[in-house]
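The values are calculated or read from the model by the stated rules, or taken from the named source; none is laboratory data. Everything numeric in this text was worked out from a predicted model, so none of it was measured. Note that each Cβ is placed from the backbone with ideal geometry, even for glycine, and that neighbours are counted across all protein chains shown.
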Amino acid sequence: MNKRKNLDQQKRKKQNIILAFMLAVVVFALLASFLIGREKELDPEELTAVSKSSQPLASTVLVSTIAIFPVHVAGAVNNPGVFYFPEGVIVSDAIAKAGGPTKDAALEAINMASLLNPHAKLYVPTIEEVEAGEVEFSFDSSGDNQAVAASGKINLNLATETDLLTVPGIGPATAAAILKYREENGKFIQLEELMQVPGIKDKKFSSLEPYLYVP
């Protein structure tokens, strides 16, 4: 009887050991799975990859907010034309972009530190033009003037077709008519003479007057 009882106790003891071992295996497996999952969630390589992938997007958004505007650079520069600049650019930068000043440029007549305004015309006069009084100019130390020479106005006696086309209200036909009149009749004596050009009457003259001058 005692022997059978001992056998039953040993059998239960073995069963308990097996159950305890199986339970330990299950607990270990669950714990390992949790730790592996958390390590993967905090994987520094993945975090670095996400950080790197977000950088180009941020840079793209930043670049797209920079304003770019055109400025017409003309006169005594080596490569006149229309150039595009970001905000904060000054006159000296625009002249450099246009190939730099020519040897006869009257740089002392302009404010090289003036800020460029969008859609402005920057005219660099020659020394001869300044000495002959053919170009009026203003020196604005505040940097608010749109055009360095002629206060933004175009000299009607020196204007090219490109210059005239920058004036609101003057198209290719009107520009050609003005140049033809000047060629046939010589220099304009006064601005009102512009009304003798075919196609330019009182109303149109009034709209053009703020942009032109005759020295």
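Could you figure out which of (1) assigned to a helix (DSSP H, G or I); (2) under 25 Å from ALA76 (Cβ atoms); (3) out of contact with any Asp or Glu (no Cβ under 8 Å at 6 or more places or on another chain) isn't true of THR166?
Looking at each condition in turn, THR166 falls short on (1).
Could you check region 50-106 and list, in sequence order, the residues that are under 30 Å from ALA132 (Cα atoms) and either in a helix (DSSP H, G or I) or modelled with pLDDT under 85 (or both)? Break it down into steps so the answer makes sense when it comes.
First pass over region 50-106, keeping only residues under 30 Å from ALA132 (Cα atoms): 71-83, 90-106.
VAL91, SER92, ASP93, ALA94, ILE95, ALA96, LYS97, listed by residue number.
Within region 183-204, how many residues turn out to be surrounded by 18 or more Cβ atoms within 10 Å (Cβ to Cβ) and either charged (D, E, K, R) or under 38 Å from the mean Cα position of the chain (by Cα) (or both)?
2
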